[in-house]
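Please treat every number below as a calculation from the coordinates, not as lab data. Computed from a predicted model, the values in this text were never measured in an experiment. Note that each Cβ is placed from the backbone with ideal geometry, even for glycine, and that neighbours are counted across all protein chains shown.
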Amino acid sequence: MAAPALLLFGLFGFVPLVGVAALSVARWDGLGSVGWAGVTNWTSVLTDGATWQSLWLTVKVMLVSWLVQTPIALALGLFQSPKGRLRALFAVLFFLPLLLSAVAIGLTWQALLDPSFGIGATPGLHWLAKPLLGSPELALYTVIFVIAWQFVPFHALLYQAGIRQIPTALYEAAALDGAGPVTRFLHITLPQLKYTFVTSTTLMLVGSLTYFDLIFVLSGGTGGPGTATRVLPLSMYITGFQAHDMGRASAVATLLVVFGLALSLLTTRLSGFTRMDSQQEGM
């Protein structure tokens, strides 16, 4: 029964990964013949300070995005969990950013953040008339804000579903014992959301390694200003398709895969996600 899924995964996942790993030890400009490069690409990538700067920016985007998105998504999931027409309408409207393409979102926010014609030109909002995407100090955090705007609804939906799975009997029993809303949240809601939290965190952290299209549009395809937003996926694109060095770009891509796999395994191991005992045992 699993054969079709394994076949598709092998065809579209494993085979391209093997091809990228093979190209990482080859010399190719994307058009001509492929030559053998040995470990030259890897030596060049691992000794290049720009690679480590891009990796640091990637980790920074990952951590700051997690710190921003997690509490907001949890709060919105908690707000949306009770059933009601207004909450249902809010959930539908709030989910719309996730349905838009990253290119459309990038172009929209690029226009909105324009210091001359964007939202900063609105009376009362002149304090936003700053080159947020053109400032080396603010550009990365502006990108993280746009990323959060796009993906918070998805994680809020995860938390909403997790909260709705918690038996109401737990809250009723706690209320009878005199527990207030804060106590019920800390001692019932949060512990019951353990695996939802792990799932959301894993998707958020590993997904941060694939941010390319949105940053590409917001930075004009350069990772600028300067290299302020040149995360590792964007560095890979610039190396491969602008510098025409597919070998080094493939080495960067392989590095991304290894880093993402290690991060995912570390998250699941530290969280105990592989031992998914029922949290409703005995009910």
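If I take R0 = 30 Å and measure r between the Cβ atoms of S101 and W127 in this structure, what FRET efficiency does the formula 1/(1 + (r/R0)^6) give, to the nearest 0.05?
On the way: r = 30 Å, r/R0 = 1.00.
Using R0 = 30 Å, I get an efficiency of 0.50.
If one takes the longest principal axis of the Cα atoms in the chain, at what angle in degrees, from 0 to 90 and to the nearest 10, does the Cα axis of helix 194-207 lie?
20 degrees
If you line up the Cα atoms of the stretch 49-113 on their principal axes, what length do they span on each, largest first, in Å?
Here the spans come out as 54, 27, 18 Å, largest first.
Using Cα pairs under 8 angstrom and six or more residues apart, how large is the relative contact order of the chain, in percent? Numbers along the way, then the final one.
Values: 308 pairs, mean separation 81.3, N = 283.
Relative contact order for the chain comes out at 29 percent.
Work out how far the C-alpha atoms of the stretch 227-273 reach from end to end along every principal axis, then list the three figures in whole Å, largest first.
Between the extreme Cα coordinates on each principal axis of the stretch 227-273 lie 43, 24, 9 Å.
Using 0.36 nm times the number of residues separating I119 and Q242, minus their current alpha carbon distance, what extension gain do you get?
Numbers: separation 123, 0.36 × 123 = 44.28 nm, distance 3.30 nm.
Between I119 and Q242, full extension yields an extra 41.0 nm.
Inverting the mean 1/r over all pairs of different Cα atoms, compute the Kirkwood radius of the stretch 30-152 and quote it in Å. Working shown, then result.
On the way: mean 1/r = 0.0553 Å⁻¹.
When all Cα pairs of the stretch 30-152 are included, the Kirkwood radius is 18.1 Å.
Spin-label point model (7 Å from Cα, Cβ direction): what's the L7 to Y141 distance in nm?
If labels sit at L7 and Y141, their model points lie 5.3 nm apart.
Once amide H atoms are placed 1.01 Å from N in the peptide plane, what residues at a sequence separation of 5 or more from R27, or on another chain, have their amide H within under 5 Å of its amide H?
Placed amide hydrogens put G35, W36, A37 under 5 Å from R27.
State whether the stretch 1-83 is rounded, prolate or oblate according to the following rule on the C-alpha gyration tensor (a ≥ b ≥ c being the square roots of its eigenvalues): a/c under 1.5 gives rounded; otherwise a/b larger than b/c gives prolate, and the remaining case gives oblate.
oblate
Any number yet on Rg/Rh for the chain, C-alpha, Kirkwood?
Details: Rg = 22.6 Å, Rh = 21.7 Å.
Taking Rh as the inverse mean 1/r over Cα pairs, Rg/Rh reads 1.04.
Give the angle, between 0 and 90 degrees and rounded to the nearest 10, that separates the Cα long axis of helix 102-112 from the longest principal axis of the Cα atoms of the chain.
80 degrees
Rounded to the nearest 10 degrees, what's the angle between the helix 139-164 long axis and the longest principal axis of the chain, both from Cα atoms, 0 to 90?
Compared with the principal axis, the helix lies near 40 degrees.
Rounded to the nearest 0.05, what FRET efficiency do T47 and A174 have when you use their Cβ-Cβ distance and R0 = 41 Å?
0.10
Among the lysines, select those whose C-alpha is under 27 Å from the C-alpha of K60, and discard any that sit fewer than 8 residues away in the same chain.
Excluding near neighbours in sequence, the set is K130, K194.
Tell me, what HN-Hα J-couplings in whole Hz come from the Karplus equation 6.51 cos²θ - 1.76 cosθ + 1.60 at θ = phi - 60° for each residue of the stretch 246-261, using x for Gly and Pro?
5, x, 5, 4, 5, 5, 5, 4, 5, 4, 4, 4, 4, 5, x, 5
Under Stokes-Einstein, with the Kirkwood radius over Cα pairs standing in for Rh, what whole-number D in µm²/s applies to the stretch 61-229 at 20 °C and 1.002 mPa s?
Details: Rh = 17.8 Å.
Value of D from the Cα-based Kirkwood radius: 120 µm²/s.
What do you get for chymotrypsin sites (Phe, Trp or Tyr not before Pro) in the stretch 48-123 restricted to DSSP loop and a cutoff of at most 16 other Cβ within 10 Å of the site's Cβ?
Numbers: sites: W52, W56, W66, F79, F90, F94, F95, W109, F117; in loops: F95, F117.
Of the chymotrypsin sites (Phe, Trp or Tyr not before Pro), the ones in loops of the stretch 48-123 whose Cβ has at most 16 other Cβ atoms within 10 Å are F95, F117.
How long, wide and thick is the stretch 90-148, going by the Cα atoms along their three principal axes, in whole angstroms, largest first?
Sorted largest first, the three principal extents are 31, 26, 16 Å.
Arrange the peptides 204-211, 220-227 so that the one whose residues have, on average, the most other Cβ atoms within 10 Å appears first. Please list the in-between numbers first.
Numbers: 204-211: 18.6, 220-227: 15.9.
Per-residue mean Cβ counts within 10 Å order the peptides as 204-211, 220-227.
Per DSSP helix of 4 or more residues, -39500 (n - 2.57); summed, then divided by the residues of the chain. What does that give at 222 nm, rounded to the nearest 500?
Working: 14 runs with 171 residues, N = 283.
Helix-only estimate at 222 nm: -19000 deg cm²/dmol.
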